[in-house]
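Undergrad: Structure incoming, see below.
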Amino acid sequence: DGDCLTALGKPLKEVYTRKPESPRIIATLDKPFKKESGIRVLKGNLAPAGAILKLSASSRELWKHRGKAYVFDSYEQLLREIESDDLDVEASTVLILRNCGPAALGMPEWGEIPIPTKLLKQGVEDMVRISDARMSGTSYGTVILHASPEAAVGGNLAIVRNGDLVEVDVERGVLNVLLSEETIAERHRELPPFKARHPRGYLKLFTDHVLQADEGCDLDFLRPATKQDARFVPPIVGRS
């Protein structure tokens, strides 16, 4: 939409008036720069609105995988348990970290869940990991992030229990927990209501109005309802 405003306060069609001629800058659809992007969107009952996998950093042998879930309800729990030699995990286990999404904690950079110490000792270098957090672009591994909706606001990540079977099929774009709809609904009824960590101030405002990862973690009241609402309003400059 060429009428969308840019940060310059001008529509796109006014700012970008000349198309680069070099195919190294903008490739054509019939001759793309790469046939596959470095990012894959996965969807299923674990992330109905989508989750993200960095293909270029993942292990191809884990692109089609089923494994039993081991769930960390918080980052604090992960730190307490991840180095334990008694942790009930094996190489095929799917590690899940939840309650780290936009509304819960502002979506911190905790998504690259470490390989448990007991498995590192066995030579395990990668395993499937899922969270509603994010991670650095320099991180690596078969790490599925930004699961939406997040656990704290009732996403199905919240109802997964240790031992549940999780299915990942990257080529089909699938991410599921292998439970019946009846079981999922029953577990949701057992969940306690979400309670914001902050009762007042900006962080309460953020929690109440932040959108999910698939919508950019924007604040809902910043989104214009009409193009008129998105018009550029010149600032009033006065005395400081």
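The values are calculated or read from the model by the stated rules, or taken from the named source; none is laboratory data. Remember, predicted model here, so these are calculated numbers, not experimental data. Cβ sites come from the backbone with ideal geometry, for glycine too, and all protein chains shown count toward neighbours. Ligands, DNA and RNA are excluded from the accessible area calculation, which covers all protein heavy atoms including side chains. Shrake-Rupley method; radii C 1.70, N 1.55, O 1.52, S 1.80 Å.
Undergrad: So which of 39, 52 ends up being without any contact (Cβ under 8 Å) to a residue 60 or more places away in the chain and under 30 Å from residue 158 (Cβ atoms)?
TA: 39
Undergrad: Under the condition of being of a type in the set (A, V, I, L, M) and open to solvent by 70 Å² or more (accessible area, probe 1.4 Å), which residue from segment 206-236 is modelled with the lowest pLDDT? It would help to see each step written out before you state the result.
TA: At the first step, the residues of segment 206-236 found to be of a type in the set (A, V, I, L, M) are 210-211, 213, 219, 222, 225, 230, 233, 236.
Now restrict to residues that are open to solvent by 70 Å² or more (accessible area, probe 1.4 Å): 222, 225, 233, 236.
Details: 222: 91, 225: 88, 233: 84, 236: 88.
Only one residue fits best here, namely 233.
Undergrad: What's the number of the condition residue 139 fails, among (1) in contact with a strand residue (DSSP E or B) (Cβ under 9 Å, 6 or more places away or on another chain); (2) at pLDDT 95 or above; (3) open to solvent by less than 20 Å² (accessible area, probe 1.4 Å)?
TA: Tallying (1) in contact with a strand residue (DSSP E or B) (Cβ under 9 Å, 6 or more places away or on another chain); (2) at pLDDT 95 or above; (3) open to solvent by less than 20 Å² (accessible area, probe 1.4 Å), residue 139 fails exactly one: (2).
Undergrad: Can you tell me which residue within segment 46-69, out of those that are surrounded by fewer than 17 Cβ atoms within 10 Å (Cβ to Cβ) and either closer than 15 Å to residue 172 by Cβ or of a type outside the set (D, E, K, R) (or both), is modelled with the lowest pLDDT?
TA: So the residue we want is 56.
Undergrad: So, in segment 192-235, exactly how many residues are part of a helix (DSSP H, G or I) and over 16 Å from residue 7 (Cα atoms)?
TA: Residues meeting the conditions: 14.
Undergrad: Give the residue, chosen from 171, 182, that is open to solvent by 60 Å² or more (accessible area, probe 1.4 Å) and touching a residue at least 40 places away in the same chain (Cβ under 8 Å).
TA: Matching residue, one of 171, 182: 171.
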